[in-house]
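The values are calculated or read from the model by the stated rules, or taken from the named source; none is laboratory data. Since this is a predicted model, take the numbers as computed values, not measurements. All Cβ positions, glycine included, derive from the backbone under ideal geometry; neighbour counts span all protein chains shown. Heads up: the accessible areas ignore ligands, DNA and RNA and are worked out on the full protein's heavy atoms, side chains in. Shrake-Rupley method; radii C 1.70, N 1.55, O 1.52, S 1.80 Å.
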Amino acid sequence: MSDKIAIFGMASVFSVTHALFAVAQEARAVTNPLAYMLQPITKSQGMLKTFEQSRETFPGEVLLDMNATYLDRQIYNPATARYDHVKLRGYQDARQTGLSGADTPLVGPTIDLRPGQTVRVTLHNLFPQDSTCGIGGGSANTPHCFNGTNLHSHGLWVNPSGNGDNVLISIRPGVSFQYEYNIAVEHPAGTFWYHPHLHGSTALQVSSGMSGALIIRGDRMPTPTETGDIDRLLKQPGGSDIAERVLVLQQIQYACTDNNGDITYDCQPGQVGGIESYDQFGPGSWPASGRFTSVNGQVLGQLASAEAGSVERWRMIHAGVRDTINFEIRRKTGTTAFRTLAAADTDRWIDQNCGKDTIPYGVVAQDGLTMAQVQMRQQAILQPGYRVDALVVLPGAGDYCIIDGAAPAAASVNQEAPSRRLLGIVTAVGGHAVNGEIGTYLQDWLISAAERTMSQNVAGKVIDDLKNEMSLSSFIPHPDIDAGEVTGEQQLVFNIDVKQPGATFFEVDGKPYDPNRIDRTLPLSGVDEWTLRSDFVSHPFHIHVNPFQIIKIVDAAGNDVSALGADDDGDPQYPGLKNVWKDTLWIKNPGTDPSARYTITVRTHYQRYIGEFVLHCHILDHEDQGMMQNIRITLPDGQGGTVSGHH
Ligand SMILES: [Cu+2]
């Protein structure tokens, strides 16, 4: 711990110096978010050591303290080349509140854990009192209680009840509450994230920057009969982990008010930007705002340097509210300064300053779950809530553009091809050039990594797999769910009902959310095949606790577009998803007519945990307005659940 404190101490000294002397046009460094300080509970750790543990060391139980509080910060505004002053709801480590200068990035610290660990997260709600909390009944789907909060560990397979990953509780201003996540010893290692999930204020809080990475690190060696962690393979020749970047992609849509009291995205010097209403959200509002997606809290920052030719692990997290990100890397070929760059000019700037060809990278995990095969991609489409883990090789020294590239209209939340945005610059130095195909280079690197790292009894299998189209069969956390295992089926239809006079309704299965209604009662150990559709535009489906395996994605004409190499009218997001495990998935309808909808089949099982939790659209203002359902997992006989009612 003392090393960690020393490092952070140095960092804060540098930050202060930086703030005093920085010129506005100088790009700030994009570093990995700092990690929460974890306090080991020595008493229980000592006790646990008396038990036989299957692991070499048992990390035991740790505490962390998280403040939900207003933060005074700066965000760079490329349109004006100024740092805008903002006051936004955010997270901070209650044990490191000293790191709170105006130039501290607006991103939640990282929660860094291991399988088998229990973490007790004390969430302190330091927001001002709020008389709109506690509204229920018919008003539940009107945004409210902006100062109430709670915590969701997105993607974790943990208990959803009580002090677990419980999003059905409201932590009011002034209240502290301790969540407790018991990470099972068999929990997958991967990239997860956390954010508030109080129905009525989720979008407002997440769009303010209330999100952070939650990483589970594993070191389980695969055996001939059991799979292990890809972390164990991704080692440098010396045995240390390969370089890693956590990239929390946020869409912080702060605004100011003009002379008429209306919202404006043109904040004047002396004004303080904020997010205090839902008027800031809605179709097209993000592109219209001219804001840029931030990376770890920095807009148009300079990412830490890479070594040319070295393999890095990039953990991308879409922690935004409602706009699709299409992640691309291109060489920076031009020399034009990028710090002054209005959103409307970005497309042209990218054409003039970034190479035409994208740098391919190897996707190894989606939504934190290692895939059965490395998939080489020119781009990765991230919808809100998605995570993508990629092995990235920058093939030579120089600067590279990190771009949110254009995507087909049907691939994006706003149903229009978005104009491109620059996300930041990364510079490769030293190392060596890669002249051949990056995919082949990566494959060779993985094979030699396997030769170095894998146990004698699995090395042959892992290497044969890698030679066979970069298969990762020894590292997948979940076996396939075969048709013969399925015990039931579930249907789900998203809809936005715009036909009622005077109001719009955000619905699942024809009904807006009712906090007092259980929409689905499912038995523990059940195995269900779900059919997912949307009658009106596209929505990212997310279900808590248990992830699902994608079986097929069928377009309106009846074609399954989920196979690797399939063509979905140029939309790259579905091909390659067949048999992939995820916890959040785009349910596509390229229009507003039910006849245009896709039919998506996934399978899941409800393992270990009973209790009540939710599924919802991860366009979070849709969720806040009703596109959510309550689920109850009961005992295996379908009985013995808890009493109904929430809040
Ligand atoms: Cu939606």
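Going highest first, how would you order 397-406, 228-237, 460-469, 493-502 by mean Cβ packing within 10 Å? Present the calculation step by step, with values, prior to reporting the outcome.
Details: 397-406: 20.8, 228-237: 19.3, 460-469: 16.3, 493-502: 13.7.
Highest mean packing first, the order is 397-406, 228-237, 460-469, 493-502.
By the Cβ distance rule (another cysteine Cβ under 4.7 Å), the unpaired cysteines of the chain are C617. What FRET efficiency comes out for Q378 versus Q236 if R0 is 25 angstrom and r is the Cβ-Cβ distance? Round to the nearest 0.05. The value I calculate is 0.40.
Protection proxy ranking for 547-556, 428-437, using the average of other Cβ atoms within 10 Å per residue and placing the highest first: 547-556, 428-437.
Percent relative contact order of segment 346-473, based on C-alpha pairs within less than 8 angstrom and at least six residues apart? Result for segment 346-473 is 25 percent.
Quick check on packing: order 526-539, 310-323 by the mean number of other C-beta atoms within 10 Å, highest mean leading. Working shown, then result.
Details: 526-539: 20.6, 310-323: 24.8.
Those peptides, ordered most packed to least, come out 310-323, 526-539.
In the chain, the portion of solvent-accessible area held by carbon and sulfur atoms comes to 51 percent [1.4 Å probe, whole percent, DNA, RNA and ligands not counted]. Legend: distances between Cα atoms for K235/K461; K552/K582; K332/K356; K235/K332; K235/K582; pairs beyond 21 Å are K235/K332; K235/K582.
For the chain, the solvent-accessible area of protein heavy atoms averages 37 Å² per residue (probe radius 1.4 Å; ligands and nucleic acids excluded). For segment 188-247, the convex hull spanned by the alpha carbon atoms encloses 91 Å³ per residue. For segment 483-634, averaging the sequence separation of C-alpha pairs within contact (under 8 Å, six or more residues apart) and dividing by the residue count gives a relative contact order of 33 percent.
Report the extension gain between T599 and A288 in nm, rounded to one decimal, defined as 0.36 nm multiplied by the number of residues separating them, less their alpha carbon distance. Could you put the intermediate results ahead of the total?
Details: separation 311, 0.36 × 311 = 111.96 nm, distance 3.13 nm.
My answer for the length gained is 108.8 nm.
Can you tell me, using C-alpha contacts under 8 Å and at least 6 residues apart, the relative contact order of the chain as a whole percent? Relative contact order of the chain: 14 percent. Centre-to-centre separation between the Cα atoms of segment 456-525 and those of segment 558-598: 14 Å. Here r is the Cβ-Cβ distance between E451 and S176 and R0 is 56 Å; the resulting FRET efficiency, rounded to 0.05, is 0.65.
How much length would be gained if the chain were fully extended between S473 and V272, taking 0.36 nm per residue of separation minus their Cα-Cα distance, in nm to one decimal?
Working: separation 201, 0.36 × 201 = 72.36 nm, distance 5.16 nm.
The span from S473 to V272 would gain 67.2 nm if fully extended.
Quarter the surface of the alpha carbon convex hull of the chain and you get the mean projected area, 28.6 square nanometres. The simple spin-label model puts a point 7 Å past each Cα toward its Cβ; for T142 and A566 those points are separated by 4.3 nm. Distance between the C-alpha centres of segment 342-390 and segment 228-305: 16 Å, rounded to the whole angstrom.
The ellipsoid that matches the Cα gyration tensor of segment 256-467 has semi-axes, each √(5λ) in whole angstrom, of 37, 20, 14, with the longest given first.
Once both labels are positioned 7 Å from their Cα atoms along Cα-to-Cβ, the gap between R217 and I263 label points is 4.0 nm.
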